[in-house]
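Asks: Questions regarding the structure given below will be posed in turn.
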Amino acid sequence: MKAAVIERAGATPVYRDFPDPEVHDGEVLITVAAVAVENVDRAIVAGSHYTAGAFQAALPAIPCFDGIGRLPDGTLVGFGGLTPPYGSLAERAVVPAAYTATIPDGIEPAVAAALSSAITAMSMRTAAGLEPGETVLIQGATGVAGRLAVQIARLLGAGRIVATGRDDAALEDVAALGADTLINTTASDDELLRSFRTHAGDGYDVVADFLWGRPTELLVRALTPETFAFHQPTRLVQIGESAGPAIRLTGESLRTSGLEVYGAARNLATGMATAYQQVVDWVSNGELTIAVETVPLSQIAQAWTRTDLRGRRLVVVPG
Ligand SMILES: NC(=O)c1ccc[n+]([C@@H]2O[C@H](COP(=O)([O-])OP(=O)(O)OC[C@H]3O[C@@H](n4cnc5c(N)ncnc54)[C@H](OP(=O)(O)O)[C@@H]3O)[C@@H](O)[C@H]2O)c1
């Protein structure tokens, strides 16, 4: 079969022949229909993700670990559970039957492939318990996941949405999606600190954090009072680290800021089915837009390094 193949750590995938995977007991053959390429896939290829070991040990290997495809009877399913060197960026995949889930009617395969980032944005409710009327801050709102988070915060009834990004034109797109207040993180430390404080109003109830690094370090400083005062809780959901893998977190800031930090996966084991159904309903009735850029598998080498997607998820389709 044809596949996108990584020959060595960090390399760009090459479109070439690769041996077909064999189907064993309990497994199913999938004809791949759509695969979203995300930052996590690039990090696994680069060897910088904590799960990269098995992929790196199996090189040459096919990247991406899930996707949308058709069972032999034509049913459209989401699939995962691939074992390196096999990944989903290929014409075919073999996975355990238990790692497939039927995709509801009315959702295009390319959009279905990108649903996971919307499920992640649902962590504002599943992990942080977002209630209607609350103020939400979205760090990294100009990215694919951030734009979905802005829409989802609005759909979940957020009272006010503050959005950060580093490009004014992209931030205007985010305003059109429902953000009330925009903050550009390229400002100096003092200016950014001031912006976080000025736009907090009565406080940020929930933060969806796709950035971490410098912007979140400054946010935490902005939440830390400079007088003896009781501060309301700010429930921060840690989702991504586009601006850096670490922050400096002082004991004082944790003691006094009201900051509570949750991982995006909190409560997902019990909340996933409801979150998934909610996202599917919003997409089906047109309330939630998932922007995708589809490219054929044969064009993977050029597509892998594209930097012009501006909030659209790269989705690889057959061809
Ligand atoms: N845990 C999960 O399930 C899950 C799911 C989806 C995403 N994520 C994570 O969330 C993060 C965002 O994902 P994505 O798919 O939305 O990525 P994306 O489309 O590439 O967006 C990245 C965002 O971060 C900003 N950014 C990038 N580098 C930055 C820097 N050095 N300083 C400040 N801002 C920076 C981008 O700004 P520009 O628009 O100006 O480039 C954009 O807003 C990634 O870390 C990803 O791994 C996690």
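Asks: Within the stretch 290-305, work out how many residues are surrounded by fewer than 13 Cβ atoms within 10 Å (Cβ to Cβ) and part of a loop (DSSP other than H, G, I, E, B).
Replies: Looking only at that region, the number is 1.
Asks: Are any of the residues in the stretch 101-112 surrounded by fewer than 16 Cβ atoms within 10 Å (Cβ to Cβ) and touching a residue at least 60 places away in the same chain (Cβ under 8 Å)? Walk me through it before giving the result.
Replies: Of all residues in the stretch 101-112, those surrounded by fewer than 16 Cβ atoms within 10 Å (Cβ to Cβ) come to 101-102, 104-106.
Restricting the remaining residues to those that are touching a residue at least 60 places away in the same chain (Cβ under 8 Å) gives 104, 106.
Yes.
Asks: Separate question: Give the stretch 278-304 a look and list any residue that's among the β-branched types (Val, Ile, Thr), closer than 27 Å to Thr31 by Cβ and in contact (Cβ under 8 Å) with a residue 24 or more places away in the chain, or say none.
Replies: Residues satisfying the conditions are Val279, Val280, Val283, Ile290, Val292, Thr294, Ile300.
Asks: Quick check: is even one residue across the stretch 144-166 open to solvent by less than 10 Å² (accessible area, probe 1.4 Å), in contact with an Asp or Glu (Cβ under 6 Å, 6 or more places away or on another chain), among the polar types (S, T, N, Q) and not in a loop (DSSP other than H, G, I, E, B)?
Replies: No - not one qualifying residue is present in the stretch 144-166.
Asks: Would you pick out the residues in the stretch 216-259 that are surrounded by 14 or more Cβ atoms within 10 Å (Cβ to Cβ), assigned to a loop (DSSP other than H, G, I, E, B) and within 16 Å of the ligand (Cβ to nearest atom)?
Replies: Ile239, Gly240, Glu241, Ser242, Ala243, Ile247
Here's the yes/no breakdown for (1) touching a helix residue (DSSP H, G or I) at 6+ places or on another chain (Cβ under 8 Å); (2) assigned by TED's automatic domain parsing to the domain that holds Ala145; (3) within 16 Å of the ligand (Cβ to nearest atom):
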{"position": "Gly10", "(1), (2), (3)": "yes, no, no"}
{"position": "Asp25", "(1), (2), (3)": "no, no, no"}
{"position": "Phe65", "(1), (2), (3)": "yes, no, yes"}
{"position": "Gly78", "(1), (2), (3)": "yes, no, yes"}
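Asks: I would also like to ask the following. Output the qualifying pairs, or none if there are none: Cβ atoms under 7 angstrom, residues six or more apart or on different chains, first residue in the stretch 35-56 and part of a helix (DSSP H, G or I), second residue open to solvent by 20 Å² or more (accessible area, probe 1.4 Å) and near the ligand (Cβ under 10 Å from one of its atoms).
Replies: Val40/His49; Ala43/His49
Asks: Give just the number: which of (1) within 30 Å of Ala158 (Cβ to Cβ); (2) in contact with a Ser or Thr (Cβ under 6 Å, 6 or more places away or on another chain); (3) buried (at least 21 other Cβ atoms within 10 Å of the Cβ) does Phe79 not satisfy?
Replies: Against the list (1) within 30 Å of Ala158 (Cβ to Cβ); (2) in contact with a Ser or Thr (Cβ under 6 Å, 6 or more places away or on another chain); (3) buried (at least 21 other Cβ atoms within 10 Å of the Cβ), Phe79 comes up short only on (1).
The values are calculated or read from the model by the stated rules, or taken from the named source; none is laboratory data. Bear in mind the structure is a predicted one, so any value in this text is a computation, not a measurement. Here the Cβ is made from the backbone with ideal geometry for all residues, glycine too, and neighbour counts use every protein chain on show. Areas reflect the complete protein model, heavy atoms only, side chains present, ligands, DNA and RNA absent. Shrake-Rupley method; radii C 1.70, N 1.55, O 1.52, S 1.80 Å.
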